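Read through the structure below, which is laid out as structure tokens, and then see the notes.
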Amino acid sequence: MTVHANTALVGSEWVSDLRIEVEHGRITKLEHGKDAHPSDTRVDVLLPALANLHSHAFQRAMAGMTETRAAGRESFWTWRTLMYRFLDRLTPEHIEAIAALVFMEMQEAGYASVGEFHYVHQQPGGAPYTQLSELSQRIFSAASQTGIGLTHLPVLYTYGGVKQEPLAGGQLRFSNGVDRFLRLIEECQPLLPHADSQIGIAPHSLRATSPDDLQQVLKSTPNGPVHIHISEQVKEVADVEAALGQRPVDWLLDNADVNKRWCLIHATHMTDDETRALAQSGAVAGLCPITEANLGDGIFNGAVYTDAGGAFGVGSDSNVRISLPEELRTLEYSQRLRDKARTVLVRGEGSVGQALYTGAARGGAQALGRAAGNIAVGHLADLVAIDRSHPTLCSLRDDQLLDGLCFAAPDGTVTDLWSAGRHQVCGGRHIARDAILTNYRAAMSDLLADL
Ligand code: ZN
């Protein structure tokens, strides 16, 4: 397969008339200043497509259902209560149909891959399915239907709180001890949907695992991505500090070998010292700005982290809205509103849009263990094309294009997307859109019938 782009971002350089050859999902040759051949797929502006580093696909089905205020009951913790009611009713078929819709929407938004932080493993009530990996296999099937690049992150979730309280209610579906969790990982490995798929581990958070369990699971899985939720909520920071004697990020950096394999999801509430220490660890901060705003989590310590050269990527987490430009814009705007300043998240000088986009491309690929995040020979062909003739982009210079994309353009400027060379979005539409939508609508009417 060969793609010809009028303009493309290669590393940090904008080039014209780029021809890209792709074999077995990887970029094998790059030439610029070349005319298109008649058989080339032609696009306007070509960019490395981002990895969406944090998703709980099933939560997409709750979007719009938790925005009503009731006296004294509008917090994150009541949002979680509705999620647990939902969980009592979700079947494997629902999970597959919802995940397929979510992955399709991600690709149409410009994400070539996803880190699915997968924590529903068991039947309602907590009994395992005949096959431990039943629900992981539903995620694999959704990844096959959509062609999205998948880093599957089965979650170790054992306790109902940092004092190792037992799980209850909806949480029973998450339940795994270390042994069964390791068996699940082993069962998933040969079932992954594509050659570029990865498997990692996701100890859910310091509230849902114990220090001993965390050590044991890390020892048993010496390779691959490690993702963990951390410091998302003020209450969580206080609970961890009371139980473990340190703030969550401080505790983790002192008690685990946090390095480039790691992705710390949210890391919202950090002191400046924690922020600099996380940046120096080489781990990725997995930021989910739309969800963090929706849940009222707080604002990431972005200016300090950027100055310290910290790696970051973005994820759509609850999937309340799947929009890549809005994710990046919300991240920057949260900093501007807090600091009463402009152009915050760029180190030194330069385009904020380009710093956000290329930073999230590199960090997202690192977090998912994918050779991607840049258009380069040997990398996976995770590519996205955008339409420069759009009124919000047509008058911009090359070096302003990503500012236009992040701050000015609406959703829907994506024309084409490839996940490891699989051409899944053409003319702005996913190639399996109609079938995926039909399945999703049927699943939702079934699910909501008795909610
Ligand atoms: Zn999450």
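Taking the stated definitions as given, is H194 surrounded by fewer than 22 Cβ atoms within 10 Å (Cβ to Cβ) and in contact with a Lys or Arg (Cβ under 9 Å, 6 or more places away or on another chain)?
Taking the combined requirement at face value, the residue satisfies it.
Among the residues of the range 336-347, is there at least one that is farther than 23 Å from L9 by Cα, at pLDDT 95 or above and touching a Cys at 6+ places or on another chain (Cβ under 7 Å)?
no
From the list V114, V120, which residue is within 23 Å of H227 (Cα to Cα), within 16 Å of the ligand (Cβ to nearest atom), in a loop (DSSP other than H, G, I, E, B) and under 18 Å from the mean Cα position of the chain (by Cα)?
Criteria check complete, one pass: V120.
When the residues of the range 37-61 are narrowed to those that are farther than 23 Å from D317 by Cα and not in a strand (DSSP E or B), which ends up nearest to the ligand (Cβ to nearest atom)?
Per the criteria, the residue is D40.
Checking the conditions here, which among A293, A360 is within 16 Å of the ligand (Cβ to nearest atom), aliphatic (A, V, I, L, M), in a helix (DSSP H, G or I) and modelled with pLDDT of 95 or more?
A293
Within the range 23-47, work out how many residues are in contact with a Ser or Thr (Cβ under 8 Å, 6 or more places away or on another chain) and either buried (at least 20 other Cβ atoms within 10 Å of the Cβ) or without any contact (Cβ under 8 Å) to a residue 12 or more places away in the chain (or both).
Summing the residues that are in contact with a Ser or Thr (Cβ under 8 Å, 6 or more places away or on another chain) and either buried (at least 20 other Cβ atoms within 10 Å of the Cβ) or without any contact (Cβ under 8 Å) to a residue 12 or more places away in the chain (or both) in the range 23-47 gives 3.
Taking the criterion of being touching a residue at least 12 places away in the same chain (Cβ under 8 Å) and more than 30 Å from E241 (Cα to Cα), would at least one residue in the range 116-123 satisfy it?
yes
Going by the conditions given, is I322 part of a loop (DSSP other than H, G, I, E, B), under 18 Å from R247 (Cβ atoms) and among the aliphatic types (A, V, I, L, M)?
Criteria not met by I322.
Can you spot a residue in the range 298-309 that is within 16 Å of the ligand (Cβ to nearest atom), touching a residue at least 60 places away in the same chain (Cβ under 8 Å) and not in a loop (DSSP other than H, G, I, E, B)?
No, every residue in the range 298-309 fails to be within 16 Å of the ligand (Cβ to nearest atom), touching a residue at least 60 places away in the same chain (Cβ under 8 Å) and not in a loop (DSSP other than H, G, I, E, B).
Hand me the list of strands (runs of 3 or more DSSP E) wholly inside the range 377-437 holding 1 or more residues that are among the polar types (S, T, N, Q) and either out of contact with any Lys or Arg (no Cβ under 6 Å at 6 or more places or on another chain) or free of Cβ contacts under 8 Å to residues at least 12 places away in the same chain (or both).
In the range 377-437, 414-419, 422-426 are the strands (runs of 3 or more DSSP E) which contain 1 or more residues that are among the polar types (S, T, N, Q) and either out of contact with any Lys or Arg (no Cβ under 6 Å at 6 or more places or on another chain) or free of Cβ contacts under 8 Å to residues at least 12 places away in the same chain (or both).
Restricting attention to the range 283-297, which residues are surrounded by 22 or more Cβ atoms within 10 Å (Cβ to Cβ) and without any contact (Cβ under 8 Å) to a residue 40 or more places away in the chain?
Within the range 283-297, A283, T291 meet the criteria.
Report whether or not T78 is more than 19 Å from A449 (Cα to Cα), part of a loop (DSSP other than H, G, I, E, B) and not aromatic (F, W, Y).
When the stated conditions are applied, T78 does not pass them.
Using the structure shown, decide if S136 is under 18 Å from N176 (Cβ atoms), more than 16 Å from the ligand (Cβ to nearest atom) and of a type in the set (S, T, Y).
When the stated conditions are applied, S136 passes them.
The values are calculated or read from the model by the stated rules, or taken from the named source; none is laboratory data. No experiment lies behind these values; they were computed from the predicted model shown. Neighbour counts run over all protein chains shown; Cβ positions are idealised from the backbone, glycine included.
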